[in-house]
Amino acid sequence: MYKDQITCLLGHNGAGKTTLISMLTGMTAPSSGNATYRGLSVNEDMDELRQSLGICFQHDVLFPELSVEEHLLFFGQIKGYANEELKAVAEKQIREVGLTEKRNSRPNDLSGGMKRKLSVAVSLLGDSSLVFLDEPTSGMDPYSRRSTWEILLNNRNDRVMVLTTHFMDEADILGDRIAIMAEGEMRCCGSSLFLKNRFGAGYNLTLVKDDARCDDNAVTAFVTSFVPAAQLLSNVGSEIAFQLPLHSSAQFATMFAELDRQLQPLGLLSYGVSVTTLEEVFIKVAELGDENNQHTLGNNPRVKASGSDENYQECDEIITTAPMFTTHLRALLLKRFRYAKRDKKAIIYVAALPVLLIAAGLGILKSSAL
């Protein structure tokens, strides 16, 4: 991630985007590995990192008793603003996110989109040099989304911004670099143009047919005569679509000139060309991950074809050799161990404190009996 840039993090539901942000912001301790920012370690220097950190959580973390303005004043004091400039900074943030008329309203009186705007404003307070935004535009109407995009683009200077989203157009517009996650792993990272060139299939040629006169075979023969590698994507209703590889763009001028002359003889009404979209790249990367998982399963010698006697016999063996109670007990003990390992104070509270309280109680009973 680089200064003055917005890095967009994409991934399907459950890919690990929010978990990754939780680890990078110190909300969750990583099981292994490390991350650094300006030489500061997430594992060792989190207290110092928080001084330059701003975060907009996936779910709004707002105080029900504070108004919009009071939220900004409160978090501004935490960020270290002096009293004389705090009011001006809060006023600037309120105007920037468009909450001037709601400055005295409490969160319960705000819509979901307005709450997101307030969360974005809080994350940008204090000139935070590292800002994490977890789906900041979710729940916003199209106009509010556009205005939020402008806010983020205007505030990315001297900052490292990390943004997660499910909107491909948002990632395409805001993302200087786009990273795609799947199954908890980073699958690819780069600019939008790089990802489209690397994972994109090329161009999509869509032709609108005159159903009464169009010959599908003649249209297919026409396209493949100019681009032999063209593939038929779909032929549904009044549209027929072809996929054209990137390296075939040199033939486009000749093909389109001839297509303009042959529209009526071929029984076509119009045509259009579109380049690979980021959504197609996202789907392709996700499919590559699924293929790898299936390939791994296919190489597993324990996996048999469904319906075979060996498969049923093997399943019976697995069920009988791993009782459910033992599996649950092992999982619960492992969870308790990991929690205790990450939170040393919990060991004292759970183990030592009850012993001390019992000893104190026995001492009091003994002294009162005497």
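Laboratory data are not the source of any read-out in this text; all were calculated from the coordinates shown. All figures in this text were calculated on a predicted structure; none of them were measured in a lab. Cβ atoms come from the backbone with ideal geometry, glycine included; neighbour counts cover every protein chain shown.
Cβ crowding within 10 Å ranks Lys87, Lys79 as Lys87, Lys79, fewest other Cβ atoms first. Shown for the chain are the DSSP H helices of 15 Å or more along their axis, judged by Cα atoms, with a mean Kyte-Doolittle hydropathy of at least 0.5: 68-78, 216-226, 353-369. Taking the helices alone, the chain has a mean residue ellipticity at 222 nm of -15000 deg cm²/dmol, built from -39,500 (n - 2.57) per DSSP H run of at least 4 residues and averaged over all its residues. Electrostatic tally near Cys8: other residues with Cβ closer than 9 Å to its Cβ, Lys and Arg +1, Asp and Glu -1, net -2.
Apply the Kirkwood formula to region 5-196: the hydrodynamic radius equals the inverse of the mean of 1/r over all pairs of different alpha-carbon atoms; give it in Å with one decimal. Before the final figure, lay out each step's value.
Numbers: mean 1/r = 0.0579 Å⁻¹.
One decimal place: 17.3 Å for the Kirkwood radius.
Compute the signed sum of charges (Lys and Arg +1, Asp and Glu -1) over the other residues within less than 12 Å, Cβ to Cβ, of Pro142. So the surrounding residues net to -1. Averaging Cα coordinates gives a centre for region 229-248 and one for region 261-284; these two points are 7 Å apart.
Highest average first, the peptides 114-122, 179-187 ordered by how many other beta carbon atoms sit within 10 Å of their residues are 114-122, 179-187. Spherically averaged projected area of the convex hull of Cα atoms, the chain: 33.2 nm².
Rounded to the nearest 20 Debye, what is the dipole magnitude of region 201-275 about its Cα centre when Lys and Arg each give +1 and Asp and Glu each give -1 at the C-beta? Write out the running numbers ahead of the final one.
On the way: 3 positive and 7 negative charges, 26 e Å.
Charge dipole, region 201-275, about its Cα centre: 120 debye, nearest 20.
Only counting other Cβ atoms within 10 Å, I'd like Val285, Val227, Val273 sorted with the fewest neighbours first. List each step's numbers first, then the result.
Values: Val285 19, Val227 22, Val273 13.
Least to most surrounded, the residues fall as Val273, Val285, Val227.
Relative to one another, the C-alpha centroids of region 59-104 and region 165-220 are positioned 40 Å apart.
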